[in-house]
Structures are given as C-alpha cells and as structure tokens.
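Undergrad: Input: one structure, supplied below.
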Amino acid sequence: METRTVKSTSNRSATTDDLVLRETETTRLIFRPILVDNQKEKEASVKGTFIFQRKGPSDNWEDSESILLSKLKKGEGVKLELKSAELLKLFTEIKSLYEMYLEGGIPSGQAQFVKANKAVEAVAELTDEEITAVVKGQQYLGAQAVARLIQWASDAQNFTLMFERLETLEPESLVNLNAAVGISTLKRALKTWSENRNNSDEEFWQDLLVKQEFVLEQIFHVPIFVIKSKAYMGGKNALNQGGGIVDFLIKNNVTNSVGLVEIKTPKTALLAPEYRNGIYNISPELSGAVMQVLNYRDTLSKERKTLLSGDSINADAFDPKCVVIIGHAKRELNESNKVKSFELFRRQLSDVEVITYDELFDRTKRLVETLEGVARIE
C-alpha cells in the first residue's frame, strides 16, 4: 500500500516525499514538492524544485550541485526535457497534493496518508444510484467489497478510526446510518427465525439469543444486559450435589435489578393430550420449565448476597422477573379450545411470563416495521 508522509515546517508550509521521475543505477531526476498555505491564491498550494541526484559512496542519493539560472551568461541556457510518462506521473502526483491540501490543509506535525487506488477513488465519486448498484453487486466492486469494508470496520481499533471519519458527516446521515444498521440486525434475526423454526437444538437458540440479546429486550421492555448465559443458581448441598443452571441471568441496565430467563425450543410442546371436553393439559415440559425458573428465583432470593457478589456483576435481586420462552403457538394452538387452555394457564401465572418463540419474533418484526415506517416518514 503506497503512503505519503507530510511533515509541517511551519503553520503555513509542509514538506512531503520526493517524487522520482527518472532513475538509473547511479542517477535520477526528482521533483521535491512543498505544500504552502498561499494567502493570495488558496488553490495555488503546491510549489517545488526539480533536482538531479547521484548516488554517493554509501549508496545514498545526494543532490548534485545546482546551477543558478541568474548566473547564466548571455547565450547560455538550461534545457530539461520530460518524457510523456514522466510528465503524466508529475501531473498525477501534483494533482493529488492539491486535493489533499483542499481537504485537510497543512497538517500539524507529521502525518502519513494512504494513496487511494482507482477503485477507492471511484467509490468516492459515485452517485447515490451508483452506490446502490455497487451494493447490489451490479458493478465492479460488488457486495463482497462492501462486506469486506464492514468487516474491517468492526474491529475495535479500526472502528475508532472509522468513527473519527463518520463524525465529519451531517448528523442526519449518522442517524440514518444507525437506523439502517439497527434494522438490518433485526432483519437478520428474523431471517434466522424463519429458517430455523423446526430446530429442536436448545444450544442453537441459547447461542442465538446470546448474540442477539436485543430480541430478549422485546420481552422486558427495558434496556437489558445479559450478565451470564447458563448462570449458576446455587442450591448445592454439602456433598456438592444438586444446584441449578438458568439459561439467562439478565439485569436492567438502568436499575440493575435482575431477571431470569429459561428457554426451551420452538419444537417443545405447549400442551399435553386432551383431558376432557375440550380442556387440554399443559405439557410436562412447560409446567416443568415454569417450576424450574420459580425454583431458581427462590434460590436467588435466598442466596443473592453470594450469587450476585462482585463488582463485575453490580446487580441485585429485587423481586426478579421470570420468563419462559417455549414452543410455537401458531403451529400447535390450531383450534380455539387449545388456545383457551393455554391462555387460561399462563394468565394465572403471577410470577412467570410464558412467551412462545413466534410471539417473541413477532414483536421483533413489528419493531422493524415501526422503524422502517419512521424512516420513510422522515
């Protein structure tokens, strides 16, 4: 990757790298540019000198003795011929120096600039319509290049650099960019749900909700933080037996109060066979999950000083909210009596909220629709 070093010599001038126009093993012709803050004519920001150099004893390039034009006698002159390729190189480099000055002026101290290749320059000059075509993969750069840039920016160190550049954008652009990224993340979660509704692997759903905890926020309606996935809830006896592991220990980011989330899978049954006359029993998996999370809640309340100790947790158990995520309502509750049995059961639960996976992701879907609606209005 080509770079250019610029070093200020005053608040109105700076030196930069020599431009080699012609070179042999022992001699070369260079142009030595200087950036200047021209008060009389701002656009005239580059001056410089042509210098002929020879290699010294240590293989270092040394400036040849110069001839002052003012010392030439009558009939004498100096002729400097540039080949077409040399002149093109000189023109291209000086043009980039003009552009660099117009964008940032005279830098303070020493700075290093990366010379943009033609592809990068092309992106900077694209119209909105052309950028849309690029992202869709209809032009040379394609979606892979855009994805690579986003991947690069996701690194913590690179993100800091990217954020410094983003600060130069108009506030409206940053708001729109933030909204677009948020909507894209939510849509990715919905796509994962759509493609994995029949996935009976609990570890898959555990991992998904760890990575996309904003989905859990749709349950609690407050900003949350996952303290621990698969958190130890105490309960062991003197023989180191027993004890429990809750799927998610979360806390309210504002009040620091904790909550407990127990998950099953979308394939887990909500109901057992019909008891009689259109009344359905609750499935053992659902009733067991409810009792399990209540047991964790009881243990947490009794052992909170031990379980929630430590500065890294910074939380307390103030009547912890309990949630069970289980099953697929639209698929299983396919008749009114089943819906009635399920709703009668969960509405009587004062300390546990039962929510199905399709209900959870439907909330996410409605959030996307709301955000997209606001974006269209604005």
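Read-outs throughout are calculated quantities, based only on the coordinates presented, and are distinct from any laboratory measurement. Everything quoted here is computed from the prediction, not taken from an experiment. A quick note on method: Cβ atoms are made from the backbone with ideal geometry, for glycine too, and the neighbour counts reach across all protein chains shown.
Undergrad: Mind ordering 195-205, 289-299, 322-332, 349-359 by average Cβ neighbours within 10 Å, highest first?
TA: Highest mean packing first, the order is 322-332, 289-299, 349-359, 195-205.
Undergrad: Loop only per DSSP, at most 16 neighbouring Cβ atoms within 10 Å: give me the GluC sites (Glu not before Pro) in region 1-103, ordered by residue number.
TA: For GluC sites (Glu not before Pro) across region 1-103 that sit outside H, G, I, E and B with at most 16 neighbouring Cβ atoms in 10 Å, the list reads E2, E25, E41, E43, E65, E76, E81.
Undergrad: If packing is taken as the mean number of other Cβ atoms within 10 Å per residue, what is the order of 46-55, 248-257, 269-278, highest first?
TA: 248-257, 46-55, 269-278
Undergrad: Let me ask you something else. Pairs K230/K267; K211/K330; K267/K338; K251/K302; K267/K365: which are spaced more than 23 Å apart, C-alpha to C-alpha?
TA: From the list (K230/K267; K211/K330; K267/K338; K251/K302; K267/K365), the Cα-Cα distance tops 23 Å for K211/K330.
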